[in-house]
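The values are calculated or read from the model by the stated rules, or taken from the named source; none is laboratory data. Everything quoted here is computed from the prediction, not taken from an experiment. All Cβ positions, glycine included, derive from the backbone under ideal geometry; neighbour counts span all protein chains shown.
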Amino acid sequence: MDKAGVYHNIILESRRKMSISGVTDVDRFDEDIVHIYTTLGEMTIKGSDLHVSDLSTDSGEMNIEGQIDSVVYGEAKTPLSFLAKIFR
């Protein structure tokens, strides 16, 4: 549990299926990259043939399937607003 009392967990099964909790926003995703924001900061998942199989904005849970090659955390910052995304 982080300082704010919010959980963030990842479960990676055989580098083919990932379950993530604590997702606060999805920035972008395609077959090679998924970039999200979690309660502990940015997260980038890279691989091939990636598919978001389930996403619940209410519970903050997400499932990704495909060949997962790397998981990288970035800075702990808040996601960009809709307008900020348009003008970047």
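Go through segment 53-67 and report how many residues are hydrophobic (A, V, I, L, M, F, W, C) and modelled with pLDDT of 95 or more.
In the first step, residues of segment 53-67 are kept if they are hydrophobic (A, V, I, L, M, F, W, C); the result is 55, 62, 64.
After this cut, where a residue has to be modelled with pLDDT of 95 or more as well, the list is 62, 64.
Adding up the residues that qualify gives 2.
The single condition from (1) at pLDDT below 95; (2) surrounded by 11 or more Cβ atoms within 10 Å (Cβ to Cβ); (3) not polar (S, T, N, Q) that residue 77 fails is (2).
Here residue 28 fulfils each of the conditions (1) modelled with pLDDT under 90; (2) within 14 Å of the chain's Cα centre (by Cα) apart from (1). Might you check whether a residue that is surrounded by 13 or more Cβ atoms within 10 Å (Cβ to Cβ), part of a loop (DSSP other than H, G, I, E, B) and at pLDDT 95 or above occurs anywhere in segment 1-14? Scanning segment 1-14, I find no residue that is surrounded by 13 or more Cβ atoms within 10 Å (Cβ to Cβ), part of a loop (DSSP other than H, G, I, E, B) and at pLDDT 95 or above, so the answer is no.
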